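Shown next, in structure tokens, is the structure this report addresses.
The values are calculated or read from the model by the stated rules, or taken from the named source; none is laboratory data. Everything numeric in this text was worked out from a predicted model, so none of it was measured. Cβ placement follows ideal geometry from the backbone for every residue including glycine, while neighbour counts extend to all protein chains displayed. The protein model used for the area step is the full one, side chains on, heavy atoms only, and it has no ligands, DNA or RNA in it. Shrake-Rupley method; radii C 1.70, N 1.55, O 1.52, S 1.80 Å.
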Amino acid sequence: MSKQDDLKRAAAEAAFDYVREGEYLGVGTGSTVNHFIDVLAERAPEIPGCVSSSKATTEKLRAAGFDVVDLNSAGALGVYVDGADEANAHLELIKGGGGALTREKIIAGAARTFVCMVDASKRVDLLGRFPLPVEVIEMARSSVARSLVKLGGEPELRPGFVSDNGHPILDVHNLEILNPIEMEDAINALPGVVTVGLFARRPADVLIVGDAGGVETVK
Ligand code: 5RP
């Protein structure tokens with residue numbers, strides 16, 4: 001495992017403390033989440049099942065022996081565990097590097113507690129160094145791209161990519177995100193936007209940071 005993988009694994013182990021036996025668990029997408037699923041498989045908590053944010057996560061959870069149910073059947077969701085591409089001091093996030101931002105935002109919004117795991121390289125003062133993913137309806141991708149340019153960004157169509165929902169993603173480079181909530185609202189308001197990967201209106205409740213010196217938990 002690479003050094004960064006070790007940090008992701010350490011964060012995933014710490015996130016396990018938030019799993020509540022007897023409750024459905026929301027599970028995100030990405031390499032950090034894959035470590036978390038490995039931890040779940042090893043420790044086998046007594047949970048009725050999981051709500052998954054992507055086809056890839058569903059496959060990995062099922063292979064590990066966990067039942068995966070639709071969010072509609074899970075009732076009120078307790079804990080959602082996911083990774084992120086960037087996190088600031090207010091636990092506002094950029095997500096969607098893996099393209100699962102829409103289902104991730106739905107599950108984060110439905111969960112009582114959103115636990116986010118990152119390695120230390122993802123902590124930033126200002127969000128936006130990581131290109132901001134925006135999932136769009138195909139027919140709107142050019143018009144949304146022009147509006148994103150007006151907001152100061154440089155959108156780029158993610159090549160050869162279609163989300164689990166059947167939509168393309170624009171990755172927006174060099175966007176100055178001074179006010180993440182305002183930017184999230186402005187991009188959400190563009191006709192044809194499915195989801196913007198800014199998680200500011202619903203930030204994480206707990207940020208678990210894997211660092212060389214150990215794991216830090218920020219609330
Ligand atoms: C997927 C995501 C991921 O959480 C994010 O891209 C981080 O991925 P990784 O854990 O592989 O670094 O938002 O849509």
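Say we look at segment 53-89 and pick out the residues that are within 16 Å of the ligand (Cβ to nearest atom) and assigned to a helix (DSSP H, G or I); which of these is surrounded by the most Cβ atoms within 10 Å (Cβ to Cβ)?
So in segment 53-89, the residues within 16 Å of the ligand (Cβ to nearest atom) come out as 53-61, 79-88.
Within this subset, residues satisfying the condition of being assigned to a helix (DSSP H, G or I) are 55-61.
Working: LYS55: 12, ALA56: 17, THR57: 27, THR58: 18, GLU59: 12, LYS60: 22, LEU61: 22.
Restricting to residues being within 16 Å of the ligand (Cβ to nearest atom) and assigned to a helix (DSSP H, G or I), the top hit is THR57.
Which count do you get for residues in segment 95-143 that are more than 10 Å from the ligand (Cβ to nearest atom), of a type in the set (Val, Ile, Thr), under 16 Å from ASN188 (Cα atoms) and within 12 Å of the chain's Cα centre (by Cα)?
Qualifying residue count, segment 95-143: 1.
From the set of residues in segment 91-127 that are in contact with a Pro (Cβ under 6 Å, 6 or more places away or on another chain) and part of a loop (DSSP other than H, G, I, E, B), which is surrounded by the most Cβ atoms within 10 Å (Cβ to Cβ)?
For segment 91-127, the residue satisfying everything is GLY96.
If only one of GLU182, GLU176 is outside the structural domain of ALA10 (by the TED database), modelled with pLDDT under 95 and more than 16 Å from the ligand (Cβ to nearest atom), which one is it?
GLU176
Residue check: is GLU156 open to solvent by 40 Å² or more (accessible area, probe 1.4 Å) and part of a strand (DSSP E or B)?
Spelling it out, GLU156 is indeed open to solvent by 40 Å² or more (accessible area, probe 1.4 Å) and part of a strand (DSSP E or B).
Surrounded by fewer than 24 Cβ atoms within 10 Å (Cβ to Cβ), in a strand (DSSP E or B), touching a residue at least 12 places away in the same chain (Cβ under 8 Å) and in the same structural domain as PRO203 (by the TED database) - does that describe any residue in segment 26-49?
No, the conditions are met nowhere in segment 26-49.
Just one of the numbered conditions (1) closer than 17 Å to HIS35 by Cα; (2) more than 9 Å from the ligand (Cβ to nearest atom) is not true of GLU92; which one?
The failed condition is (1).
Pick out, from segment 171-219, the strands (runs of 3 or more DSSP E) lying fully within it that include 3 or more residues that are open to solvent by 20 Å² or more (accessible area, probe 1.4 Å).
Working: elements: 193-196, 206-211, 214-218.
Those strands (runs of 3 or more DSSP E) span 214-218.
Whether any residue in segment 131-143 is touching a Phe, Trp or Tyr at 6+ places or on another chain (Cβ under 9 Å), within 14 Å of LEU101 (Cβ to Cβ) and without any contact (Cβ under 8 Å) to a residue 60 or more places away in the chain is what I want to check.
Within segment 131-143, not a single residue is touching a Phe, Trp or Tyr at 6+ places or on another chain (Cβ under 9 Å), within 14 Å of LEU101 (Cβ to Cβ) and without any contact (Cβ under 8 Å) to a residue 60 or more places away in the chain.
Quick one: PHE130 ticks every box in (1) assigned to a helix (DSSP H, G or I); (2) open to solvent by less than 80 Å² (accessible area, probe 1.4 Å) except a single one, so which number is it?
The number of the failed condition is (1).
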